[in-house]
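The values are calculated or read from the model by the stated rules, or taken from the named source; none is laboratory data. Please read these numbers as outputs of a predicted model, since none were measured by experiment. With ideal geometry, Cβ positions are generated from the backbone for all residues, glycine too; neighbour counts draw on all protein chains shown.
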Amino acid sequence: MPIRVAIADDDALIRDSLKMILDLDEDIQVVGVCSNGDDVYKLCMEVTVDVILMDIRMPVCDGIVGTKKIKQAFPHIHILILTTFQDDDYIFQALKNGANGYLLKNTPSTKIGEQIKLAYTGTMLIHPDITDKLSGMLRKEERKDLSDYMLTPREIEIIEHISEGYSNKEIANKLYLGESTVKNYISGILNKLELRDRTQIAIFYLKNRT
């Protein structure tokens, strides 16, 4: 079954161009194109969506608010923010709201489908340059001690790998564990930290690491 993708961007040229590119990939099916966050939220209520390409700056409902609404109602949907490097603060807010990473608007067309597929598998897509800036932003917020959460050394190790963008399979290979074991660890981590998804785990670690 192909990955079902929705596109939200107020620029019709970008929407149409992305759809044309993605329609060439037999592993991807574009199920809808929208001009703002509210429209793509409504689309998610009508059809099954796996991944959303979400612009940040849109009228009516921007990508930050749209991401929050969709992740609260449909936590299984993976959201990639469409952005430029100048949108650091917006990226930060979108990631806090549950976005799974971002896609630069100047990304080569040959890479777009690949990044969507990575996001669909749960891989977090954050450029190293943005990771460094995120760390600085997070340090400005209130920090907590990791020891307060009774995390085991193995759990902390997995958290570190998640923050570095590794998939469950890659973490399993690195730690010589079964992929199902890694998934169980992540479920336990989410429960202990009272978080919703992998992206929030990464943000939590970047904020609270020593």
* Asked: Does T110 fit the bill of being of a type in the set (S, T, Y), surrounded by fewer than 21 Cβ atoms within 10 Å (Cβ to Cβ), closer than 18 Å to L195 by Cβ and modelled with pLDDT of 80 or more?
  -> no
* To do: Check the range 26-37 and report whether any residue there is modelled with pLDDT of 90 or more, under 20 Å from T199 (Cβ atoms) and either in a helix (DSSP H, G or I) or not assigned by TED's automatic domain parsing to the domain that holds M124 (or both).
  => yes
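Let's see how each residue does on (1) more than 21 Å from L118 (Cα to Cα); (2) of a type outside the set (A, V, I, L, M):
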{"residue": "M20", "(1), (2)": "no, no"}
{"residue": "M54", "(1), (2)": "no, no"}
{"residue": "P59", "(1), (2)": "yes, yes"}
{"residue": "T67", "(1), (2)": "no, yes"}
{"residue": "I77", "(1), (2)": "no, no"}
* Flag if A73 is of a type in the set (A, V, I, L, M, F, W, C) and over 22 Å from L206 (Cα atoms) -> yes
* **Qualifying position, being more than 24 Å from I201 (Cβ to Cβ) and touching a helix residue (DSSP H, G or I) at 6+ places or on another chain (Cβ under 8 Å), among D55, D39** => D55
* Check K96, K117 and return the single one that is surrounded by fewer than 23 Cβ atoms within 10 Å (Cβ to Cβ), within 24 Å of I28 (Cα to Cα) and either of a type in the set (D, E) or not assigned by TED's automatic domain parsing to the domain that holds S163 (or both). => K117
* Asked: Of everything in the range 189-200 that's surrounded by fewer than 21 Cβ atoms within 10 Å (Cβ to Cβ) and either in contact (Cβ under 8 Å) with a residue 60 or more places away in the chain or in a helix (DSSP H, G or I) (or both), which residue is farthest from the chain's Cα centre (by Cα)?
  -> K192
* Asked: Considering the range 1-44 alone, what residues qualify as being of a type in the set (A, V, I, L, M, F, W, C) and over 20 Å from the mean Cα position of the chain (by Cα)?
  -> M1, A12, L13, I14, M20, I21, L24
* Determine which member of the set M58, M54 is under 20 Å from T199 (Cα atoms), free of Cβ contacts under 8 Å to residues at least 60 places away in the same chain and not in a helix (DSSP H, G or I). => M54
